[in-house]
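Inspection log for the structure reproduced underneath, given as structure tokens.
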There are 2 protein chains.
Amino acid sequence: MRKEYTVGIDVGGTTTKFGIVDNSGHILAQDRIPTNEHEVVEEFIDDLYDKLFPMIEKVGGPSKFRGIGMGAPNGNIYTGTIEYAPNLKWKGIIPIAELIEKKFGLTTKLTNDANAAAMGEMMYGCARNMKHFITITLGTGVGSGIVIDGKMVVGHDGFAGELGHTIIRPGGRMHKSTGMAGSLEAYASATGVRETAIQMLTEHPEQESLLQNYTINELTSETVYECALQGDTIANDIFEFTGQILGESLANFIMFSSPEAIVLFGGLTKAGDLLLKPTRKYMEANLLPIFQNKVKLLFSELKEADAAILGASALVDA
Amino acid sequence: MRKEYTVGIDVGGTTTKFGIVDNSGHILAQDRIPTNEHEVVEEFIDDLYDKLFPMIEKVGGPSKFRGIGMGAPNGNIYTGTIEYAPNLKWKGIIPIAELIEKKFGLTTKLTNDANAAAMGEMMYGCARNMKHFITITLGTGVGSGIVIDGKMVVGHDGFAGELGHTIIRPGGRMHKSTGMAGSLEAYASATGVRETAIQMLTEHPEQESLLQNYTINELTSETVYECALQGDTIANDIFEFTGQILGESLANFIMFSSPEAIVLFGGLTKAGDLLLKPTRKYMEANLLPIFQNKVKLLFSELKEADAAILGASALVDA
């Protein structure tokens, strides 16, 4: 008989979320721990074990589980290792799947965090009946998962789908972690929106803006959003510019794999139409006619944490 | 018993090449006709028939043939139609597979011309044992074919893989046929190299260059190549710049699908190391560390016309 449960773990740069998932795709229990408070991965796993193992015990213990699925930055599906993740403290190559497997006594599979979210979207979200789509996570960074012919694109080495690091403004804004100039992530992330705000306010000191009432530490994508809602010109210009960069990038991605839809996730999507309208405008304007007015631009219906946990858990049976 | 032959047809913007292919992948006979001398597609097909049908008869007639495979700009594998091809005179949607099938009495399959070349490369060229690669054709324009997990990427509508039209210099050089600004094709094609030459000579009239001995009509990618070989600074700068644009674009493509190799085809590859060295340099410089020094950058071993004919003919059995 098929065992009843799987575990889904989503390792993020700041927080790691995890949950118990049943065979119908319901998350029975979930919790979280901080990721980057642990200098060594073993301590992180000890901390994870202390919270997660009691949850496993509560539903009947490891014998009820088919395994653990995990999404993590630079997670490699072929090797089960996290390799040189710029946003994590653990440097080099971390054999995390093996370490978790030993600790919990459960088969553990790993993939890229954004790929896990895309799998969640394909199994339980708005891409349920789609065979060709791309998910873009607009959070602290920009992640992506690409599905072609119903299959996750992982490439020859397991690392495909790093669309946040593609260059859209050659010679442009420096990305602090990667040292690369002009990548999508440098602009279309929460961090990027904050940088655009600081840049626009610095370049136009003469122009009045509600954003001038905030200290530099208070300037976040959320404050920009609030000021934009109140009709602030600079705040609106910031979303227009962010949507332009994102839309141009999406056009390039569409001309690569011609997906049916692009599904947007993550904190920045709370901006709704403020972001969606310019994104769609610049996306369409940069497409060859054969691609225009064909590709759906959607916001995910899933809660971000749920999508990642569900997607990671689905790895167990993949 | 399996019929012995297939026909491969490669419709290019200027010339259409075709050949008879046997079961071992040998081209027994081949010929060509001009493409754009025919205002209507029916005249083009009549002309093709006059040359190709005698070749078919010579090896035993249509009963010896399994079918016709065809590559064409904006050729759609799902519908057998050429749709809104900017470089062809036939506008709108052209049901070319159906028209050829009626004329020749042989099952006809169509795909994008660059995809046909990639299939040829996968079956008979330097990508023979690869499951993940991208081919880029650097000719009058820039074409591309993408293979993931051993399968051609065609997308949800058949049009995937238009990498020549991705934007690498937003707001940059205008592309005359598409009206788009800053696409790869506007720079890294034979046409693009000529434009870069004119631009550099205009911007630096004070700098001596062998290229100044040519009339504007004589400035071609070939003359730039010849001058570069003689040590001309501007001519070398032109290839350096072309390689920069191409290398930056290839880095973006690699971060999408993480291929094992990129195979370059077409007229511009005659420039050899003059193009390859800067391309590789800028490609590596724009990759995340996890992708660096992993991806082979190769020149095709096949003659371009052969690859396209062989790839198109392989469609018959796909």
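The values are calculated or read from the model by the stated rules, or taken from the named source; none is laboratory data. These numbers were taken from a predicted model, which means no experiment stands behind them. Backbone-built Cβ (ideal geometry, glycine too); neighbour counts: all protein chains shown.
Checked against (1) within 14 Å of another protein chain (Cβ to nearest Cβ); (2) within 27 Å of B:Arg2 (Cα to Cα); (3) surrounded by fewer than 24 Cβ atoms within 10 Å (Cβ to Cβ), B:Glu98 meets all criteria but (1). As a summary of the residue check, B:Ser313 satisfies the conditions (1) within 14 Å of another protein chain (Cβ to nearest Cβ); (2) of a type outside the set (Asp, Glu); (3) out of contact with any Asp or Glu (no Cβ under 6 Å at 6 or more places or on another chain); (4) crowded, with 24+ Cβ neighbours inside 10 Å except for the one numbered (1).
Conditions tested, residue by residue: (1) assigned by TED's automatic domain parsing to the domain that holds B:Thr81; (2) farther than 23 Å from B:Leu88 by Cβ; (3) modelled with pLDDT of 95 or more; (4) surrounded by 22 or more Cβ atoms within 10 Å (Cβ to Cβ).
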site	(1), (2), (3), (4)
B:Leu163	no, no, yes, yes
B:Met174	no, no, yes, no
B:Thr178	no, no, no, no
B:Leu184	no, no, yes, yes
B:Glu206	no, yes, no, no
B:Asn252	no, yes, yes, yes
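For segment B:152-175, how many residues meet the condition of being facing chain A (nearest Cβ under 7 Å) and not in a loop (DSSP other than H, G, I, E, B)? Selection size over segment B:152-175: 3.
Scanning segment A:265-318 for residues that are free of Cβ contacts under 8 Å to residues at least 40 places away in the same chain and closer than 26 Å to A:Leu110 by Cβ gives a single hit, A:Lys303. Can you pull out the residues in segment A:104-140 that are assigned to a loop (DSSP other than H, G, I, E, B) and within 12 Å of chain B (Cβ to nearest Cβ)? Within segment A:104-140, A:Ala127, A:Asn129, A:Met130, A:Lys131, A:His132 qualify.
Taken together, the residues in segment B:141-151 that are within 11 Å of another protein chain (Cβ to nearest Cβ) and buried (at least 21 other Cβ atoms within 10 Å of the Cβ) amount to 4. For B:Ile136, the requirement of being out of contact with any Cys (no Cβ under 8 Å at 6 or more places or on another chain), assigned by TED's automatic domain parsing to the domain that holds B:Lys296 and surrounded by fewer than 24 Cβ atoms within 10 Å (Cβ to Cβ) is not met. For A:Glu101, the stated conditions hold: it is in a helix (DSSP H, G or I), assigned by TED's automatic domain parsing to the domain that holds A:Pro34, in contact (Cβ under 8 Å) with a residue 24 or more places away in the chain and farther than 27 Å from B:Pro259 by Cα.
When you scan segment A:49-72, do you find a residue that is touching a strand residue (DSSP E or B) at 6+ places or on another chain (Cβ under 7 Å), more than 14 Å from chain B (Cβ to nearest Cβ), surrounded by fewer than 16 Cβ atoms within 10 Å (Cβ to Cβ) and touching a residue at least 40 places away in the same chain (Cβ under 8 Å), even just one? So far as segment A:49-72 goes, yes, one or more of its residues are touching a strand residue (DSSP E or B) at 6+ places or on another chain (Cβ under 7 Å), more than 14 Å from chain B (Cβ to nearest Cβ), surrounded by fewer than 16 Cβ atoms within 10 Å (Cβ to Cβ) and touching a residue at least 40 places away in the same chain (Cβ under 8 Å). Selection within segment B:288-310: residues that are surrounded by fewer than 23 Cβ atoms within 10 Å (Cβ to Cβ) and of a type in the set (A, V, I, L, M). The member of this set that is farthest from A:Glu185 (Cα to Cα) is B:Ala305. Across segment B:273-295, the qualifying residues are those that are outside any helix (DSSP H, G or I) and modelled with pLDDT of 95 or more, and the one among them that is farthest from the other protein chains (Cβ to nearest Cβ) is B:Asn293.
Residue by residue, here is whether (1) of a type in the set (A, V, I, L, M); (2) more than 22 Å from B:Glu304 (Cβ to Cβ) holds:
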| position | (1), (2) |
| --- | --- |
| B:Met119 | yes, no |
| B:Ile134 | yes, no |
| B:Leu138 | yes, no |
| B:Gly145 | no, no |
| B:Gly155 | no, yes |
| B:Glu162 | no, no |
| B:Gly179 | no, yes |
| B:Glu206 | no, yes |
| B:Ser209 | no, yes |
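Elements of the type helices (runs of 4 or more DSSP H) sitting completely within segment A:177-269 and holding at least 1 residues that are away from chain B (no Cβ under 14 Å) and under 22 Å from A:Gly139 (Cβ atoms): these cover A:190-203, A:221-229, A:233-257. In segment A:261-274, the count of residues that are more than 17 Å from the chain's Cα centre (by Cα), buried (at least 24 other Cβ atoms within 10 Å of the Cβ) and more than 30 Å from B:Leu163 (Cβ to Cβ) is zero.
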